[in-house]
Amino acid sequence: MAMEMRVFGRTGMQLSVLGFGCGAVGGLMVRGDPLDQERTIARAIAASVNYFDTAVQYGNGKSEKNLGRVLQRLKPANVAVGTKVRLPSRDFGGIADAVAKSLEGSLLRLCLERVDIFHLHNAISTATRSGRCWRAGGCWSRSSAISRTRSAACSRTSVL
C-alpha cells in the first residue's frame, strides 16, 4: 500500500499524510539511542513518510540536533522538515528579532540552510491569558518577522 500524499495548503509541497513527530513524548529523538534514531527514521522514509516535525522545546534542542544528525547521515531526497518558535511574553516587544534568533538556532541544530515549515508554537485565542496566549489579530499580525524569514530564504512557508 502506497503512502497517501497531500498538497500542503497553497505551498505546492507534497507531504505524506503521516508525519514523523520528533517530540519528547515517546523520547526516541530526545533520549533515544543514536542507532535506534537512525533506524527508525530510515524505516519511516522507506515507508514514504516525508515530513519530520520538531521544535527547540523538544528536549531543549536535542530533538533538532538528533534529527539533523540523522538526516545528514541518511541524505534522503524529498524530505520536508518543520520546526517551531515559541515566544515568551518578554519577547513580544521584539518579535522579529526573537523569531530570527530562534530560526537561526534551529537551523544550526538541524544542520540545514532552511526549513520547509516554520510554525508558531504559541496558543492563539480570542482572549488573553497571562501572556501565554496571543489574541487573534494581535501583535503577531503587526509583525514583519515571518516576511523577513521568507525573504531570507530560511523557510519555505510559515504557519500560524
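Among 10, 39, sorting on how many other beta-carbon atoms sit within 10 Å of each Cβ, with the fewest leading, yields 10, 39. Neighbour counts of C-beta atoms inside 10 Å place 117, 41 in the sequence 117, 41, starting with the fewest. The ranking of 1, 29 by Cβ neighbour count inside 10 Å, starting from the fewest, reads 1, 29.
Any read-out appearing in this document is the output of simple, stated calculations on the displayed coordinates, not a laboratory observation. Remember, it's a predicted structure, so these values are computed and weren't measured experimentally. When we count neighbours, we look across all protein chains shown, and the Cβ atoms used for this are built from the backbone with ideal geometry, even at glycine.
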